[in-house]
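The values are calculated or read from the model by the stated rules, or taken from the named source; none is laboratory data. This is a predicted model, so every value here is computed, not measured. A quick note on method: Cβ atoms are made from the backbone with ideal geometry, for glycine too, and the neighbour counts reach across all protein chains shown. Ligands, DNA and RNA are excluded from the accessible area calculation, which covers all protein heavy atoms including side chains. Shrake-Rupley method; radii C 1.70, N 1.55, O 1.52, S 1.80 Å.
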Amino acid sequence: MSNAKTLARPYAKAAFELAMAENATDRWNDMLDLASAAVTDPSLAGLLGSPHASDRQIVQIMLDTASGAFDDRFKGFLGVVADNKRLALLPEIADLYHALREAADGLLRVR
């Protein structure tokens with residue numbers, strides 16, 4: 001699991017920096033949550049790593065399914081994640097993004 005977090009960290013930082021630059025941390029939070037839910041959905045998760053669908057095709061399925069929920073910058077981000085074969089890391093990327101956002105907002109996680 002820590003390996004997944006390590007691999008996801010640069011993407012989470014990049015997502016956070018893009019969101020901060022656009023003053024759209026809430027929107028990126030929602031888009032990351034939606035993308036994360038998509039890749040963990042059994043119908044799409046089965047395609048990850050499959051020889052029957054490329055990562056770019058999986059992103060296109062996500063875009064078609066989300067029907068406009070992702071802005072152009074986020075679509076580009078997903079493209080980079082797909083090109084680097086890291087779509088399966090979207091849940092970890094989202095978790096790390098949330099932690100970065102909470103830290104920037106001065107929030108603490110409590111159990």
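Of all residues in segment 14-60, count the ones that are part of a loop (DSSP other than H, G, I, E, B), exposed (fewer than 15 other Cβ atoms within 10 Å of the Cβ) and aliphatic (A, V, I, L, M).
0
If Gly68 satisfies all but one of (1) open to solvent by less than 10 Å² (accessible area, probe 1.4 Å); (2) on the phi > 0 side of the Ramachandran plot, what's the number of the condition it fails?
Here Gly68 clears every test but (1).
Among what's in segment 27-53 and is among the polar types (S, T, N, Q) and out of contact with any helix residue (DSSP H, G or I) (no Cβ under 8 Å at 6 or more places or on another chain), pick the residue that is modelled with the highest pLDDT.
Restricting to residues being among the polar types (S, T, N, Q) and out of contact with any helix residue (DSSP H, G or I) (no Cβ under 8 Å at 6 or more places or on another chain), the top hit is Ser43.
In segment 57-74, what count of residues is obtained for those that are touching a helix residue (DSSP H, G or I) at 6+ places or on another chain (Cβ under 8 Å) and more than 23 Å from Gly46 (Cβ to Cβ)?
Summing the residues that are touching a helix residue (DSSP H, G or I) at 6+ places or on another chain (Cβ under 8 Å) and more than 23 Å from Gly46 (Cβ to Cβ) in segment 57-74 gives 3.
Gly49 versus (1) closer than 15 Å to Lys85 by Cα; (2) without any contact (Cβ under 8 Å) to a residue 12 or more places away in the chain: which is the lone unmet condition?
(2)
Considering every residue within segment 8-26, establish whether at least one is over 17 Å from Leu100 (Cβ atoms) and either of a type outside the set (D, E, K, R) or at pLDDT below 95 (or both).
Looking for residues that are over 17 Å from Leu100 (Cβ atoms) and either of a type outside the set (D, E, K, R) or at pLDDT below 95 (or both), one finds none in segment 8-26, hence no.
From Lys85, Lys75, grab the single residue that is open to solvent by 20 Å² or more (accessible area, probe 1.4 Å), closer than 18 Å to Ala37 by Cα, among the basic types (Lys, Arg) and outside any helix (DSSP H, G or I).
Going through Lys85, Lys75 in turn, just one is open to solvent by 20 Å² or more (accessible area, probe 1.4 Å), closer than 18 Å to Ala37 by Cα, among the basic types (Lys, Arg) and outside any helix (DSSP H, G or I): Lys85.
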